[in-house]
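Below you'll find the structure, written out as structure tokens, and then a few comments.
The values are calculated or read from the model by the stated rules, or taken from the named source; none is laboratory data. The model shown is predicted, which means the values in this text are computed figures rather than measured ones. Reconstructed Cβ throughout: ideal geometry from the backbone, glycine too, with neighbour counts over all protein chains shown.
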Amino acid sequence: MMAELPEHYFRVRENGAQVFRVDTGNRHRRIEMEPIAVVNIRNGEIKPQGGRTLDEADMQAIRDWMAERKAVLAARDIDDIFRAIDHLNLTAQWAQSRATDAQLEEVTDALLLAMHDLRTVLVRKKSERLAEKD
């Protein structure tokens, strides 16, 4: 037995999605996907395609997807930062225990500049947050 397919399919793009209406109710029992809209997650824009007018069910499905997608992307951002922290720790261990002088010479300046930049931003942002509390 086949699982029930959703009414809409969202083909993720870099800044949103192409939205399709899924149709399985045709006489050939084929899955047909009709493109109905393009969504821009950054600015919230929903552009119907092919002169279509989106009904309220389409709009609600798109709005729900956009909210879920924003939550997924936000969680990924935080996860990426925690991974970066892990990489910094692994880099420190590598530099201390396994790196050769030649390897350290190759990466030291770039690492120091990146860490200085990051530290500057973090200190400024922390200062701003503390100032807002006062």
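Hey, among the residues in segment 1-40 that are assigned to a loop (DSSP other than H, G, I, E, B) and touching a strand residue (DSSP E or B) at 6+ places or on another chain (Cβ under 8 Å), which one's nearest to LYS70 (Cα to Cα)? Per the criteria, the residue is ASN15.
How about segment 7-31: which of its residues are more than 18 Å from PRO48 (Cβ to Cβ) and at pLDDT below 90? Residues satisfying the conditions are THR24, GLY25, ASN26, ARG27, HIS28, ARG29, ARG30, ILE31. If you check ALA75, ALA114, ALA71, ALA110 for being among the hydrophobic types (A, V, I, L, M, F, W, C), under 30 Å from ILE41 (Cβ atoms) and outside the structural domain of VAL12 (by TED's automatic domain parsing), only one passes: ALA114. Give the residue that is farthest from ARG13 (Cα to Cα), with candidates limited to residues of segment 25-81 that are polar (S, T, N, Q) and surrounded by 13 or more Cβ atoms within 10 Å (Cβ to Cβ). Filtering first and then ranking leaves GLN49. GLU132 meets the conditions (1) surrounded by 10 or more Cβ atoms within 10 Å (Cβ to Cβ); (2) modelled with pLDDT under 95; (3) among the acidic types (Asp, Glu) in every case but one. The failed one is (1).
Only residues that are of a type in the set (Val, Ile, Thr) and within 16 Å of MET115 (Cα to Cα): list them for segment 76-91, please. Spell out the reasoning first.
Step one: of segment 76-91, the residues of a type in the set (Val, Ile, Thr) are 78, 81, 85, 91.
Of everything in segment 76-91, those that are of a type in the set (Val, Ile, Thr) and within 16 Å of MET115 (Cα to Cα) turn out to be ILE81, ILE85, THR91.
Quick check: anything in segment 86-99 in a helix (DSSP H, G or I) and either touching a strand residue (DSSP E or B) at 6+ places or on another chain (Cβ under 8 Å) or of a type in the set (Val, Ile, Thr) (or both)? Looking through segment 86-99, at least one residue is in a helix (DSSP H, G or I) and either touching a strand residue (DSSP E or B) at 6+ places or on another chain (Cβ under 8 Å) or of a type in the set (Val, Ile, Thr) (or both).
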